[in-house]
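Worksheet for the structure shown next.
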Amino acid sequence: MRAYVIDETTDFSTSVRDVELHALEPSDVLVEVDYSGINFKDAMVSQSKSRVRRRDVLIGGVDAAGVVVASTSERTPPGTRVALHGGALGVARDGGFAEFIYAPPANVSPLPDTISTRDAMVIGTAGFTAMQSILALEDHGLARGARVLVTGATGGVGSQSVTYLAARGYQPVASTGSQHEHAWLRARGAVEVIGRDAIADRPDRVLASEAWDGAIDCVGGDALHQILRSLRYGAAVAASGLVASAELTTSVYPFITRGVALLGIDSVEVGTATRARVWRELGALAHLVDFDALIDHTTSLEALNDALAAVRAGTLRGRVLVDPRQRV
Ligand SMILES: NC(=O)c1ccc[n+]([C@@H]2O[C@H](COP(=O)([O-])OP(=O)(O)OC[C@H]3O[C@@H](n4cnc5c(N)ncnc54)[C@H](OP(=O)(O)O)[C@@H]3O)[C@@H](O)[C@H]2O)c1
């Protein structure tokens, strides 16, 4: 089968090759891939000397969607439409940038009837993380109609957070560095669009004005610090990413004087019950979402390097779909 292979055994290279695929465990589920998608993690994994990738030779792609070909799992018999993501996929074992993929049952989720395999990869790990973030805020007490800040708003996690918040009856405020995408963000449901530096006021004070009923942050670093300073009393931020920085320098004041909460979001090792809940909630919203509007473009395996470079440069909006059968 054809696959996009990252190879660091000699000089670093990436190429589309014919490879033989083998199950690592007898319980692995074999899936014919309809689509994959590009996530920020793929951009890190596919770089020379990547500190995220854990094998020298690897088929990239941290997620995929398709139809089960062989399986011993009762949850996903042959013919089931599934999404695959998380665990070691595309990082420590072969991933979704291929025509077929083997994955452990824990990383394979049956799709709701309302979500096609194509839409599942418009959603991808990014959209799964967006919905996981919304559910974490709701579990913490977020009330419908709340004003929720979303950072990195034109990215995969950000644009889908805006979209799903709006569809669920919230008022998403989009923070973006992409000035030319304000209209696009409003069309996704943002009630207001602000710059990256406009998250919080009173830079001379420890705490800023209470501006946000909740927040979804995939940027990290100073953005997360500014969010903590400006959350309303008792509010929470769901933090999943580090595109700006993995460092967080802040104070304890938001926690001990406003009772705010920092909710960590991990989509990689999350259990099957949460996976099923997140996909169920995505399925319930699907009729309200224009998935095509969330696609930047669709790419072939051969053109993946260009798309991955664009993700690193931050020049895309929404998601890049990967069609493993598309020829350049
Ligand atoms: N915890 C998890 O399980 C999980 C799951 C999925 C993703 N993530 C993480 O979430 C983050 C976003 O992933 P993604 O797939 O959505 O990435 P993405 O599509 O590349 O989007 C990232 C967005 O962040 C903004 N941005 C880029 N560089 C920035 C900078 N230096 N400072 C501030 N903002 C910047 C840009 O939006 P604007 O131009 O609109 O500002 C960009 O579109 C990544 O760190 C990823 O690893 C974590």
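The values are calculated or read from the model by the stated rules, or taken from the named source; none is laboratory data. For clarity, every value in this text was computed on a predicted model and none was experimentally measured. Please note: Cβ atoms are built from the backbone with ideal geometry, for glycine as well, and neighbour counts cover all protein chains shown.
Some observations on this one:
- So THR117, is it of a type in the set (Ser, Thr, Tyr), at pLDDT 95 or above and crowded, with 23+ Cβ neighbours inside 10 Å: no
- At least 2 residues being assigned by TED's automatic domain parsing to the domain that holds SER159 and surrounded by 20 or more Cβ atoms within 10 Å (Cβ to Cβ) is the threshold, and among the strands (runs of 3 or more DSSP E) wholly inside region 218-308 those reaching it are 231-239.
- The lone criterion from (1) surrounded by 18 or more Cβ atoms within 10 Å (Cβ to Cβ); (2) at pLDDT below 95 left unmet by GLU74 is number (1).
- Long-range neighbours under 8 Å by Cβ, at least six apart or interchain, first residue under 16 Å from ALA307 (Cβ atoms) within region 24-40, second within 16 Å of the ligand (Cβ to nearest atom) and hydroxyl-bearing (Ser, Thr, Tyr): GLY37/THR125; ILE38/THR299; ASN39/THR125
- Residue selected from region 215-274 under the condition within 11 Å of the ligand (Cβ to nearest atom) and among the acidic types (Asp, Glu), by the criterion farthest from ALA146 (Cα to Cα): GLU269
- Taken as a whole, the structure places ILE199 among residues that are within 20 Å of LEU137 (Cα to Cα), within 12 Å of the ligand (Cβ to nearest atom) and crowded, with 21+ Cβ neighbours inside 10 Å.
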